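This report concerns only the one structure given below.
The values are calculated or read from the model by the stated rules, or taken from the named source; none is laboratory data. Since we're looking at a predicted model, the values are computed, not measured. A quick note on method: Cβ atoms are made from the backbone with ideal geometry, for glycine too, and the neighbour counts reach across all protein chains shown. When the accessible area is computed, the model is the full protein with side chains, heavy atoms only, and any ligands, DNA or RNA have been set aside. Shrake-Rupley method; radii C 1.70, N 1.55, O 1.52, S 1.80 Å.
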Amino acid sequence: YRYVKLAVLGSLAAALVLNTHSLLASLQRNELSERRFLQLNKCPACWGTSWCRKFLNGQLRLESWGRLRLLDFFNVKNVYFARYGEPREGSRRVVLKRLGSAQELADIDTKICRRATGRGRCDLLQALPATEFASLNGDVRLLTPGAVEGWSDLVHCPSQRLLDRLVRRYAETKDSGSFLLRNLKDSERMQLLITLAFNPEPLVLQSFPSDEGWPFAKYLGACGRMVAVNYVGEELWSYFNAPWEKRVDLAWQLMEIAEQLTNNDFEFALYLLDVSFDNFAVGPRDGKVIIVDAENVLVADKRMIRQNKPENWDVWYESKFDDCDKEACLSFSKEILCARVTVDHNYYAICQNLLSRHATWRGTSGGLLHDPPAEIAKDGRLEALLDECANPKKRYGRFQAAKELREYLAQLSNNVR
């Protein structure tokens, strides 16, 4: 193992020496103002253009190490940290996402080409008019469920009310506020549909914004295939060994998020299909927990379920515990999530993958609430609630355990409501 490490370090050192000139050049120039780096040439097969003026005017700059393209090999998710603003006026940290790995982005081009021409490579701008992303032309009044159902988790079972919300709150148009699809330009309409099909995270952030109290990172804008969101703070995994009081507060917030996404006045249930320690971050000042990866969110319209009354729609649904050997496992049926009004999935996901002894993360074990103080461990109530929330022994036990766990954690962290 030691020799392997030395070999890797030696290879990196050699690469640094051989590429010294290009490395110095990359440190000096601002790639975020370059159209090719932003893949602006791919538009409208891109995420948007609302922030292009800020990018191209040099108002965003990658932070030091982010400028080294040699390190892109390790940046599989294509997530960058940058400063936005002018030095004299003050700047703030933002997160830039390409919304996919290099291979995943290349696959988007291939899929578009195959749908349009039957070939794997083509001129994207010429091919797009022949795809379903352009078939909804300016005469189409509404974006309807039949047109996009199943394209992604966000619209696995869309209602008209949800789609109207997506269009009305679409931030990559100057005329936002209207639910009429025909009010969008052709390019904006294609950008919206391509985002919906390949990575709907920006649409989740726009439709359920942090400004209205939803627990998601704030969407800022896009240019080409680069999306900007606000920087929240360190990811949740960095708090795994934080003081007990801090971890209790974070656990309480996570259970509150599960409750808010499940039961809210808007009657949209937002189910988290991917729950792990790197999908959440914590604000350094307010200590607030925020979801920073919203790609895999399924939205079910409870109002539509009550109206359509599918089979067993009013029967409470209990998620099945999944004791697998892998990291961040979850067991669920999208079809059932779309067809039941009362579902415990979010409680299950948070308890199993983050809080309880069943949670594992990169070699750690015991969950966020590991090693409680002696008096709490002796009392046994916390462990019992966590176990029932993750792997219930009673029928509908998780619903009751989640409610009691939220109240107990609030009591422990002095967050009495």
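With the requirement that a residue be under 26 Å from LEU154 (Cα atoms) and either β-branched (Val, Ile, Thr) or open to solvent by 60 Å² or more (accessible area, probe 1.4 Å) (or both), what does segment 241-259 give you?
Across segment 241-259, the qualifying residue is only ILE257.
Listed here are the residues, each with its yes/no results for (1) basic (Lys, Arg); (2) modelled with pLDDT under 95; (3) touching a helix residue (DSSP H, G or I) at 6+ places or on another chain (Cβ under 8 Å).
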residue: PRO44; (1), (2), (3): no, yes, yes
residue: PHE74; (1), (2), (3): no, yes, no
residue: LYS77; (1), (2), (3): yes, yes, no
residue: ARG83; (1), (2), (3): yes, yes, no
residue: GLU89; (1), (2), (3): no, yes, no
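Scan segment 251-289 for residues that are in contact with a Gly (Cβ under 9 Å, 6 or more places away or on another chain), among the small types (Gly, Ala, Ser) and farther than 23 Å from VAL95 by Cα and jot them down.
Listed by number, the list holds a single entry, ALA251.
Can you tell me how many residues in segment 382-417 are part of a helix (DSSP H, G or I), open to solvent by 30 Å² or more (accessible area, probe 1.4 Å) and among the basic types (Lys, Arg)?
The number of residues fulfilling the criteria is 2.
All but one of (1) closer than 26 Å to ASN264 by Cα; (2) open to solvent by 20 Å² or more (accessible area, probe 1.4 Å); (3) not basic (Lys, Arg) hold for ASP379; which doesn't?
Every listed condition holds for ASP379 apart from (1).
Out of the residues in segment 221-240 that are farther than 16 Å from ASP293 by Cβ and either of a type in the set (Gly, Ala, Ser) or not in a helix (DSSP H, G or I) (or both), state the one that is most open to solvent (accessible area, probe 1.4 Å). Walk me through it before giving the result.
Just the residues of segment 221-240 that are farther than 16 Å from ASP293 by Cβ, to begin with: 221-226, 239-240.
Subset that is either of a type in the set (Gly, Ala, Ser) or not in a helix (DSSP H, G or I) (or both): 221-226, 240.
Numbers: GLY221: 0, ALA222: 0, CYS223: 0, GLY224: 0, ARG225: 1, MET226: 0, PHE240: 19 Å².
Within segment 221-240, the match that is most open to solvent (accessible area, probe 1.4 Å) is PHE240.
Being over 24 Å from the mean Cα position of the chain (by Cα) and assigned to a loop (DSSP other than H, G, I, E, B), is that true of even one residue in segment 297-310? It would help to see each step written out before you state the result.
Step one: of segment 297-310, the residues over 24 Å from the mean Cα position of the chain (by Cα) are 303-310.
After this cut, where a residue has to be assigned to a loop (DSSP other than H, G, I, E, B) as well, the list is 309-310.
Yes; the residues of segment 297-310 include at least one that is over 24 Å from the mean Cα position of the chain (by Cα) and assigned to a loop (DSSP other than H, G, I, E, B).
If you take the residues in segment 365-376 that are surrounded by 14 or more Cβ atoms within 10 Å (Cβ to Cβ) and within 28 Å of the chain's Cα centre (by Cα), which one is modelled with the lowest pLDDT? Can you show your working first?
Narrowing segment 365-376 to residues surrounded by 14 or more Cβ atoms within 10 Å (Cβ to Cβ): 366-370, 372, 376.
Pick out the ones that are also within 28 Å of the chain's Cα centre (by Cα) and you get 366-370.
On the way: GLY366: 89, GLY367: 93, LEU368: 96, LEU369: 96, HIS370: 95.
It comes out as GLY366.
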